[in-house]
Amino acid sequence: MGTRIVFTGDISFSKFFANAWEKENLLAPEIRTYLRDADHTVANVECALTDRSIESSRVLNHACSPNAGAFLRDAGMGCWSLANNHIMDCGADGMLDTVQRAKNNGCQWLGVGENLAEAARPVMLGEDVKIGILSLAKPWTYLIAGEQKPGALTWEHTSAIKQGIDKLRADGADWVVLIVHGGDEYASMPLPYMRERYHALLGLGADIIVAHHPHVVQNYECPAPNKAIFYSLGNFIF
């Protein structure tokens with residue numbers, strides 16, 4: 001027996017997809033079955049699930065109704081990766097609302113928290129084959145968690161990432177996956193500096209990197225035996 005885990009690309013129920021979670025036919029039956037039949041599906045939730053107003057002054061911001069959480073749960077997306085550049089568009093409170101919404105829906109979450117220790121908390125999925133996961137993002141200045149500051153785990157937190165990987169190994173992880181939100185938007189291939197960055201992250205002891213943010217699908221590579229980097233999953237619902 002093995003463990004089958006599905007990872008999604010970017011999800012945001014805003015702009016064109018505002019309230020799209022209310023539509024019964026949003027996901028094709030084959031896609032819904034694919035998600036539900038996995039042992040676990042990890043979704044990149046790239047918007048705050050909150051009733052709070054947008055606080056970000058950037059041009060593009062994303063937030064949606066907290067009720068979208070039930071859609072994610074019912075579609076089989078039981079683990080939410082939240083370390084991304086839009087999770088704090090409604091401020092730290094909006095991000096923490098999203099964490100609470102995950103808890104209310106019985107979903108696991110990772111990548112953000114009230115402080116760095118919580119943001120760096122790994123998740124272990126699977127039984128026959130145990131897969132440990134950490135979620136982290138590019139270090140956008142407004143996003144970086146601190147010892148007493150809410151935010152996300154970023155690739156600048158090298159020590160915390162290493163500690164998380166080591167903890168997963170100590171807890172019996174067969175594979176360690178880093179979910180990374182970074183890269184260059186709409187680039188068809190990862191630029192050399194991103195390849196170097198992801199190779200360095202593998203060097204901390206991870207086996208697989210699953211990445212998103214470019215909003216288009218990029219290539220993958222296996223730089224060593226039993227090592228893989230998926231540079232961008234592109235958009236899922238975005």
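Annotation note: Cβ proximity below 9 Å between a residue of the stretch 113-125 that is touching a residue at least 60 places away in the same chain (Cβ under 8 Å) and a residue that is outside any strand (DSSP E or B) and of a type in the set (A, V, I, L, M) (sequence gap 6+ or interchain) occurs for no pair. Here Ala228 fulfils each of the conditions (1) over 30 Å from Phe17 (Cβ atoms); (2) part of a strand (DSSP E or B) apart from (1).
In summary, Glu185 fulfils each of the numbered conditions (1) in contact (Cβ under 8 Å) with a residue 40 or more places away in the chain; (2) within 23 Å of Lys15 (Cα to Cα) with the single exception of condition (1). A Cβ distance below 7 Å, combined with a sequence gap of six or more or placement on separate chains, defines the contacts here; from the stretch 136-148, residues that are under 24 Å from Val176 (Cα atoms) and charged (D, E, K, R) reach residues that are open to solvent by less than 80 Å² (accessible area, probe 1.4 Å) and part of a loop (DSSP other than H, G, I, E, B) in the pairs Lys138/Trp155; Lys138/Gly182. One residue stands out in the stretch 161-182 among those that are more than 21 Å from Val42 (Cα to Cα) and touching a residue at least 12 places away in the same chain (Cβ under 8 Å): the one that is most open to solvent (accessible area, probe 1.4 Å), namely Gln163.
Scanning the stretch 60-102 for residues that are open to solvent by 20 Å² or more (accessible area, probe 1.4 Å), farther than 20 Å from His212 by Cβ and in a loop (DSSP other than H, G, I, E, B) turns up Ser65, Asn67.
The values are calculated or read from the model by the stated rules, or taken from the named source; none is laboratory data. Worth saying up front: this structure is predicted, and the values here are computed from it rather than measured. Glycine also receives a Cβ, built like all others from the backbone with ideal geometry; neighbour counts cover every protein chain displayed. SASA here: full protein model, heavy atoms, side chains in, ligands and nucleic acids out. Shrake-Rupley method; radii C 1.70, N 1.55, O 1.52, S 1.80 Å.
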